[in-house]
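Below you'll find the structure, written out as structure tokens, and then a few comments.
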């Protein structure tokens, strides 16, 4: 009887070890799958930031934007270490349970920056200032390895709510002082005009035509640099650049 009991106990022990082993393998496989999925999401977010980089350059959000890539790089390294069972650096490691929500917050930050640049260009300065403060807070939170999941989740909610709120702020009056974002459009127009001038006009039209275009560019630069420029001034300068460039290019087709 004792022999039977001993054999049964041994069988149960082996069965238990087998079940634990299977469960362990299953959990490991699941962890690997989640890790790979999140790594792909990190890489996709990097690609989105690459597309947004040019639009953000020179804006008030450039510094905050530039801090997102290092965070993504750290997340990617931590995920790689996780998949290989490597030891973690306690100084830089993010809690693996927080990586998903950190990635969500980074996505929301990049969305907020794009939103500000693309949809708030004609809003009063207060809209940009308030959203800028919230974006800065979000960047600090997402980079903090000790930030809790609940704190990160709350930051996502705060960003979304503020984006909805600033949309209700009034638009700039044409005679209002041009904001930095408004002037960014003029800056982009100036550089685009210079590029097209050198590519399509330089050496291909009479000097007088080339000179007239340069005068319009110079005047536009003055509007951009002036602290007193209004929204109307900026809009007029952009329209004048487009008209002058089109006029200059038209001379190349009438030769």
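Shown is the FRET efficiency for residue 221 and residue 126, computed with R0 = 22 Å from the Cβ-Cβ distance and rounded to the nearest 0.05: 0.20. For region 35-166, the C-alpha radius of gyration divided by 2.2 N^0.38 Å, with N the number of residues, is 1.07. With the highest mean first, a sort of the peptides 217-223, 201-207, 111-117, 158-164 on other beta-carbon atoms found within 10 angstrom per residue produces 111-117, 217-223, 158-164, 201-207. The calculated FRET efficiency for the pair residue 200 and residue 77, based on their C-beta separation and a Förster distance of 35 Å, comes to about 0.15. Each peptide in 41-51, 120-130 was scored by the mean count of other Cβ atoms within 10 Å over its residues; highest first, the order is 120-130, 41-51.
All of the numbers you see were taken from the coordinates with simple rules; none came from a lab. Here the structure is a predicted model, which means the values were calculated and not measured. Quick reminder, even Gly has a Cβ in these numbers, built from the backbone with ideal geometry, and neighbours come from all protein chains shown.
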